[in-house]
Every structure is written in C-alpha cells, then in structure tokens.
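The values are calculated or read from the model by the stated rules, or taken from the named source; none is laboratory data. Just so it is clear, the structure is predicted and the values come from calculations on it, not from any experiment. Glycine gets a Cβ as well: all are built from the backbone with ideal geometry, and neighbour counts include every protein chain shown. Protein only, heavy atoms only, side chains kept; ligands, DNA and RNA dropped before computing areas. Shrake-Rupley method; radii C 1.70, N 1.55, O 1.52, S 1.80 Å.
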Amino acid sequence: MERSDIKLIARDPAQFDPQAVDQLRSSARLAGIRHVVGLPDLHAGHGIAVGAAFWSPDHIHPPLVGSDIGCGMALWQMDGALRKFRLAHAERRLRDLDGPWDGDQAAALVRADLPASMADPSLGTIGGGNHFVELQRVEDIADPARFAELDLDADRLWMMVHSGSRGLGHAALQGHISRNGNVGLPADSTSGQAYLQDHDRAMAWAVLNRQIIADRFAEKLAMGGRRILDICHNSVTPHAVAGQAGWLHRKGAAPADRGLVAIPGSRGDFSFLVEPVAAAGDRALHSLAHGAGRRWSRSDAHARLSRRFRAAELERTPLGSRVICEDRRLIFEEAPQAYKDITGVIADLQHVGLIRVIARLRPLLSYKVRSQ
DNA sequence: ATGTGC
C-alpha cells in the first residue's frame, strides 16, 4: 500500500488537537489518497477533520467533502457610505430573512445554469450551525497599494455571507452513501461521475444561495453592492499536484488558486481579506485556512458558556458588534470563546508564506437567525 | 451541516 504524506501547516504543529491529527491519519489511509494537509484552523470533526485538504490521483471520497458541499464565504462591498450607516437602524430593518425567498427561483436557476428541479424553499436562506451574514467595516489596510488597485473603498459598508447548499449537498452525500456505501470511488467510474455531477450542481447552487442571501439583505438595507469574492471551502475538484492530474478534496479549506480570500474570525473578532501567494503553489495543496477553527465542540461550548453567561450578554461582543441570534442554544455554541484566535491562524499562514494580508475587517452586526 | 434527533 502506497504511503501518503501528512503535512501540518502551523508555526507550532504541536498545538493541534491530537484527535484532529488522528483523523487526518485515518483519512490518509483511504484508497488512493496521497497527500494530506492540515491547515492552521484544523479541528476534529465527525470522523473527518475540518481545516484540511486531501489529494488523490484517481479517487474521490465524498465523505471527505461532507454534507455541506459548496459551503463558503462571499464578500460584498456595499454602495452605502459607512458614515451614513446606523447600527440600530440596520438591526430593526433586518427582518423576514429566514423564511423562503419570494423572488423568481426559476429565473435565478436558469441564470446560474442549474436545472429547474433544484428549486427549493431553502434557496436564499442562511441555515444554521456556523452560517451567518455579517455587516463589517474596514478596520485597517495592510497593503494600501493592492487595496487601491482592487478599487476597494474603506468608507463603505461591507458584508460577508457564510452559507452553503443547505439540504441539497446533504442529499448528494446521502445519495452516494445509499447507492455505494460510505466509501470512495474511482473518479472515472459511473458512480463517481454521478456523484460529481450532484456535487458540481450543489456547489453552483451554494454560490447562487449566497448571492440571493446578499440580495435580500441589500434590499432591507436599501443599497446595492459589488461582490468582491465568492469561494467554496467544501469541495472536490480536479487539480494537478506536482504535474500529476488528480482530485483535490477540501474540507473546511479555502482555495488558494481562485483569487482573493476572506478568512473570518469568530463573530467577536476581526476577519481578514487576504491574497494567496501564487508561488506557494503545492506547498499546502493550493489551500488556506477557512476561518479561526473551533476550540470547543458545540456541546462543550454550550455547557461551559451557558453556566457563565445569559444569552442576552452574548448579544454584544467585546468589539462592540451586535449579534442577532434568537436560537438559545446556537448563541452559546457559536460564541467567540468557542473559537481559536484568528490572529494566530493568519500569522501561521503568513509564516509559511501562503498569504499576503490586504485588510482587516471589523464586525458591526452578525446575523444568525431571527423568528421574524 | 441537516425542510435537524430522542
């Protein structure tokens, strides 16, 4: 059996949770897997580590992508001037965003080159878990020349959307498991091709979902906006490594080959707009950290924090931002304390020479869920 | 993660 190599990207790899590293080791033993990379936000998942990339010359492993195929981050620079932005006003306006979108789904699907059968009441909704929409402002600019070259403007409101393919990606993975079992497949097999078609559609649907979510929020805020980036951190895509064609699985790993990347901190911390260093190439399987990474599991976070805080105390963060989260359990599970320090994650990526930071973004309002 | 699990 061919040995695969495992690389851990961090200034101090000993910092990683041993359970997450064990999960990388078991994934490295899957059929055809040759290269595995753990990124600085690596943490244990449900059997498969999050914050990791896996490469095979010939196999695809749907469980290495997970349920939320196409999940990712998108970032908008809004038309609205920051000096005119009023937090309390925005907080009042952001309602009726959790129910079905009342727009023309059929037309939206056609524009996204997706079949009409992918219409679904969840299109245009954020979902649960770690998904969010966050209104932000530019805190500081690390690379003014690049910032200007990209025609970015620090005097406007910015908006980040983190969501995915909702039930559709989940159905694609379950479909694969029910047909083939919880296994990998040769990419060129009929079953492999069937999964890849479902996968690619779920990915495109997730991109459309983020766009519609952003449109809904923009409408409430009575402003337009320009999308700066949209990147998926759960996917399997064809990708050559060291000149050999193959398949790159990303499980909570941002692409380093698709232009600008947004790496969010917890809702109580800064996010970073970064640019991958092109020359870094294969060093980390063309991937970057996708966020801060969990420090505590959901259940641990709930147990520890619900003892120390009341939910209302978590509706404002240490940076002064507001949190709209009317789910009593979720507000504890997703509290800033449950996440690692994003500054350390960014420093790790910089240390290895994978990114250049362009700007740091400050959270103003994090929207999770609201009853109406 | 999940038109959510007992």
> Within segment A:361-372, is even one residue in a strand (DSSP E or B), open to solvent by 30 Å² or more (accessible area, probe 1.4 Å), hydrophobic (A, V, I, L, M, F, W, C) and within 16 Å of DNA strand B (Cβ to nearest atom)?
Replying inline: yes
> Within the group A:SER56, A:SER67, which residue is of a type in the set (Ser, Thr, Tyr), in contact with a helix residue (DSSP H, G or I) (Cβ under 8 Å, 6 or more places away or on another chain) and in contact (Cβ under 8 Å) with a residue 12 or more places away in the chain?
Replying inline: A:SER67
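Go through segment A:56-97 and report how many residues are more than 16 Å from A:ALA214 (Cβ to Cβ) and among the acidic types (Asp, Glu). Spell out how you get there, then give the answer.
Step one: filter segment A:56-97 for residues more than 16 Å from A:ALA214 (Cβ to Cβ), giving A:56-69, A:81-89, A:91-92, A:95.
Subsequent filtering for residues that are among the acidic types (Asp, Glu) retains A:58, A:68, A:91.
So the answer is 3.
May I ask you to list the residues in segment A:90-100 that are within 26 Å of A:ALA262 (Cα to Cα) and either away from DNA strand B (no atom under 12 Å from the Cβ) or loosely packed, with under 14 Cβ neighbours inside 10 Å (or both)?
Filtering segment A:90-100 for residues within 26 Å of A:ALA262 (Cα to Cα) gives A:90-91, A:93-95, A:97-98.
Answer for segment A:90-100, where residues must be within 26 Å of A:ALA262 (Cα to Cα) and either away from DNA strand B (no atom under 12 Å from the Cβ) or loosely packed, with under 14 Cβ neighbours inside 10 Å (or both): A:ALA90, A:GLU91, A:ARG93, A:LEU94, A:ARG95, A:LEU97.
Okay, residues lined up against (1) within 17 Å of A:PHE272 (Cα to Cα); (2) modelled with pLDDT of 95 or more; (3) open to solvent by 30 Å² or more (accessible area, probe 1.4 Å); (4) assigned to a helix (DSSP H, G or I):
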| site | (1), (2), (3), (4) |
| --- | --- |
| A:PHE332 | no, yes, no, yes |
| A:VAL345 | yes, yes, no, yes |
| A:GLY353 | yes, yes, no, no |
| A:ALA359 | yes, yes, no, no |
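When you look at A:GLY103, is it away from DNA strand B (no atom under 16 Å from the Cβ), part of a loop (DSSP other than H, G, I, E, B) and in contact (Cβ under 8 Å) with a residue 60 or more places away in the chain, yes or no?
Values: away from DNA strand B (no atom under 16 Å from the Cβ): yes; part of a loop (DSSP other than H, G, I, E, B): yes; in contact (Cβ under 8 Å) with a residue 60 or more places away in the chain: yes.
When the stated conditions are applied, A:GLY103 passes them.
Would you mind finding the one in A:GLY225, A:GLY265, A:GLY246 that is out of contact with any His (no Cβ under 6 Å at 6 or more places or on another chain) and open to solvent by 40 Å² or more (accessible area, probe 1.4 Å)?
Details: A:GLY265 fails: open to solvent by 40 Å² or more (accessible area, probe 1.4 Å); A:GLY246 fails: open to solvent by 40 Å² or more (accessible area, probe 1.4 Å).
After ruling out the rest, the residue left standing is A:GLY225.
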>> As an exercise: evaluate A:ARG250 against (1) within 19 Å of A:SER366 (Cβ to Cβ); (2) within 15 Å of DNA strand B (Cβ to nearest atom) and give the number of the one condition it does not meet.
In response: (1)
> Under 9 Å by Cβ, and 6 or more places apart or on different chains, what pairs join a residue from segment A:151-171 that is at positive phi with one that is within 16 Å of DNA strand B (Cβ to nearest atom) and charged (D, E, K, R)?
Replying inline: A:ARG166/A:ASP68; A:ARG166/A:ASP120
> Filter segment A:173-197 for residues that are open to solvent by 10 Å² or more (accessible area, probe 1.4 Å) and within 16 Å of DNA strand B (Cβ to nearest atom); which is modelled with the lowest pLDDT?
Replying inline: A:ASN182
